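In what follows, a structure is listed as structure tokens, so that the remarks can point back to it.
All of the numbers you see were taken from the coordinates with simple rules; none came from a lab. Remember, it's a predicted structure, so these values are computed and weren't measured experimentally. Counting neighbours? That spans all protein chains shown, and the Cβs are built from the backbone with ideal geometry, glycine included.
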Amino acid sequence: MSRTCAACDRNLPQSSYTANQYSKGPGVSRCTRCVHGHHSDATTLRQSDGGRFNYSSSASIPISALERPFAQGAFRWVAKGAYTSGPRQAQACVVKWFKTGAVFSNDYFTLDIKAVDKALEIVNKFNQLGVINKVVKINVPEVWHFTDDSFGDWSGQRHLCEPFIQNYQKFNSNTGWNDESKAWGEVMQALSHFSYHLSGGNFVLCDLQGGIYRYEIVLSDPVILSRDRQYGVTDLGPDGISSFFAQHNCNTFCRPNWTRPANPKQYFRPVQGTTMIRRSVLTDYSRPYGTSLYY
């Protein structure tokens with residue numbers, strides 16, 4: 001799929017846009033080159049891009065799959081379908097939508113895309129280091145709508161759509177939990193550590209989960225922990241960053257020169273699931289230990 005950049009008027013593939021820019025639609029989207037104000041070769045941008053895209057504009061989801069989702073997260077349901085157009089036609093996809101009654105506002109779709117954009121920046125830099133002989137990729141979701149003729153209340157509802165991941169497993173969480181029983185768990189811990197170093201201590205990419213393929217590992221639903229908590233309910237802020245490093249022991253994939261915080265403390269109970277906290281509520285040391293779903 002290609003689109004003309006609204007700034008430079010070049011017809012470029014989807015991989016030349018961030019997920020946020022591409023979601024703005026034709027006539028508005030600006031390519032990565034124009035957004036960041038640099039003029040590196042477009043081919044180089046595509047080669048270094050760690051995104052795994054829909055490459056489709058439509059999909060079919062059986063009603064039975066929507067009524068009985070095959071998976072769920074802390075605040076979303078996940079159903080499986082298949083693409084009906086584009087290069088991925090007939091390949092499996094997943095759609096994700098928020099659970100009824102969850103304490104979310106309309107900007108959480110935007111925050112999901114924003115976290116993916118930041119994750120792509122970090123992953124691209126990590127791939128360039130050559131720490132491993134495979135490429136780390138991020139599933140890039142798009143906000144889609146069910147068609148007007150969809151069954152019942154599904155008509156017009158928004159959801160996130162992205163390619164299906166096989167052999168799904170979780171490597172770390174946003175509270176410091178991690179599984180380093182296998183080499184890939186160590187690699188993901190190193191990626192999280194690298195994100196802190198790369199950002200000068202402002203961000204940690206975590207909650208890393210996905211599938212291992214022959215030439216790449218594909219991750220989905222990444223969480224960004226930030227100093228100013230700009231990435232929504234899963235962004236646990238400075239306390240989350242501290243909690244990650246309280247549980248992290250550098251391994252053979254970490255570089256000796258990578259920075260880390262001095263004397264990190266554990267503010268959240270390290271659990272495998274994704275912990276959430278509302279931005280309007282201040283954290284303290286004791287309350288997050290009481291629940292993995294903290295409002």
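What the table below lists for this structure:
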item	result
Centre separation in Å (Cα based) which lies between the range 50-96 and the range 107-147	17
Under 19 Å from the Cα of Lys170 - aspartates and glutamates, other chains or at least 8 residues apart	Asp112, Glu162, Asp179, Glu180, Glu186, Asp207, Glu216, Asp221, Asp235
Hydrodynamic radius (Kirkwood) for the range 75-161, which is based on Cα pairs only, to one decimal in Å	15.2
Cα-derived Rg to Rh of the range 53-247, Kirkwood definition	0.97
R0 of 30 Å, Cβ-Cβ distance Phe151-Gln89: FRET efficiency to nearest 0.05	0.85
Pairwise label distance in nanometres, Lys182 with Lys80, each label 7 Å out on the Cα-Cβ vector	1.8
The range 53-247 - charge dipole about Cα centre, Lys and Arg +1 at Cβ, Asp and Glu -1, debye rounded to 20	360
Listed peptides 137-147, 183-193 by packing density, highest first (mean Cβ within 10 Å)	183-193, 137-147
Filter on Lys125/Lys265; Lys80/Lys265; Lys99/Lys137; Lys96/Lys125; Lys24/Lys265 - keep pairs with C-alpha separation over 30 Å	Lys80/Lys265; Lys24/Lys265
Loop trypsin sites (Lys or Arg not before Pro), the range 207-246, which have at most 11 other Cβ atoms in a 10 Å radius of their Cβ (DSSP)	Arg214
Alpha-carbon Rg with Dmax, taken over the range 215-273, Å	13.1, 37
